[in-house]
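The values are calculated or read from the model by the stated rules, or taken from the named source; none is laboratory data. All values derive from a computational prediction rather than experimental measurement. Every residue, glycine as well, gets a Cβ built from its backbone with ideal geometry; the counts of neighbours run over all protein chains shown. Surface areas here come from the heavy atoms of the whole protein model, side chains and all, with no ligands, DNA or RNA. Shrake-Rupley method; radii C 1.70, N 1.55, O 1.52, S 1.80 Å.
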Amino acid sequence: MKRAMIIINPSSGKEQAQEYVEKIEQLLRDEADYDVVINETAKELDATKYCASACADCFDLVISVGGDGTLHETINGLLDQEHRPLLGVIPLGTVNDFARALHIPLNTDEAIRTLLSPHRRKVDMGRLNDQLFANVVAAGSLAETLSSVSSEDKSKFGAFAYFREGVKEIFGGSASPLTIEYDGQTWSGESPLFLATLTNSVGGFEQIAPDAKVDDGLLHGFIIHNLSLLNSLAVGTSLLLGQLKEHHEVTYFTARQIAVRSDEPVRTNVDGEEGPTLPIEMHILPEYVEVIVPEDTK
């Protein structure tokens, strides 16, 4: 019999997480003939530990039920594993960028039904120092500010919580000295925000990197030069129109390897969660994870 592990963050989904897990378990057992194991996270890195055990025990399927943070921890259980199970994603978080990029429904019941889909897609992962990321790495003063958004505020205000903190930082006008090396080239200067993304969706905006594909083998880099209030309006318009890379205050590039350092202690944000302090190195891992998707989107 096939085996599936459900990894659930019980604090996601506005208190309905347990109800969703019961639906997933019944669906997999009754309609897909899976033996199902359920693991609830209680502390940091629990999801990574559970997923690593699923790899060691050669499970067929691992399902992440929660937000981008739960997904980030789950995929890190796949790092350097000889056996990597098929990945299912039930998005219950604030932003759900990875699900958006793969057209996985944000409606929970529809996402659960997607687990029966026959369609699979092998997607790239990024490796940053000693961890994986599925969606985005951000560095700079604005990234540090967004990392400070509390779980309570994310639950209460949704994506607006990030916008609110971002506006405070824009009025502050601060920037970080960054040196960014990518595929043999170097950029140095002050920037409030650097992004390296694997997908088109960042922070719920699905047009930041419209050319990015989940399996194109590339990191898409954006260096924002200036975020004064007036300029931020222009950058925001470019973002909504999918033209951020063409803005005159933005340096855009694609690369397979990126290194970022600073003369100051600058923290990063990785998949929406607080990340390591610079310096960092990252590179692409092509088609590293196979994911259940609702349709053939290639």
Exercise. Name the one entry in Asp271, Asp216 that is modelled with pLDDT of 95 or more and under 22 Å from the mean Cα position of the chain (by Cα).
Key: Asp216
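Residue-by-condition table, conditions (1) among the basic types (Lys, Arg); (2) over 12 Å from Ile75 (Cα atoms); (3) part of a helix (DSSP H, G or I); (4) over 19 Å from the mean Cα position of the chain (by Cα):
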| residue | (1), (2), (3), (4) |
| --- | --- |
| Ala4 | no, yes, no, yes |
| Ser11 | no, yes, no, no |
| Glu19 | no, yes, yes, yes |
| Ile24 | no, yes, yes, yes |
| Arg29 | yes, yes, yes, yes |
| Val36 | no, yes, no, yes |
| Ala42 | no, yes, no, yes |
| Thr48 | no, no, yes, no |
| Ile63 | no, no, no, no |
Exercise. Tally the residues that are open to solvent by less than 10 Å² (accessible area, probe 1.4 Å), in contact with a strand residue (DSSP E or B) (Cβ under 7 Å, 6 or more places away or on another chain) and without any contact (Cβ under 8 Å) to a residue 40 or more places away in the chain, restricting the search to segment 85-119.
Key: 2
Self-check item: Output for segment 243-298, where each listed residue is touching a Gly at 6+ places or on another chain (Cβ under 9 Å), more than 22 Å from Asp216 (Cβ to Cβ) and among the aliphatic types (A, V, I, L, M)
Solution: Val266
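Residues are listed down the side, and each one gets a yes or a no for (1) over 27 Å from Ile24 (Cα atoms); (2) surrounded by fewer than 21 Cβ atoms within 10 Å (Cβ to Cβ); (3) modelled with pLDDT under 75:
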position	(1), (2), (3)
Arg121	no, yes, no
Leu132	no, no, no
Ser150	yes, yes, yes
Ala159	no, yes, yes
Phe163	yes, yes, yes
Thr179	yes, yes, no
Asp183	yes, yes, no
Ala196	yes, no, no
Glu206	yes, yes, yes
Exercise. Hey, can you tell me all the residues within segment 8-42 that are hydroxyl-bearing (Ser, Thr, Tyr) and either surrounded by fewer than 17 Cβ atoms within 10 Å (Cβ to Cβ) or farther than 18 Å from Val62 by Cβ (or both)?
Key: Ser11
Quiz item: With respect to the numbered conditions (1) small (Gly, Ala, Ser); (2) loosely packed, with under 14 Cβ neighbours inside 10 Å; (3) at pLDDT 85 or above, which one is the sole condition not fulfilled by Gly172?
Solution: (3)
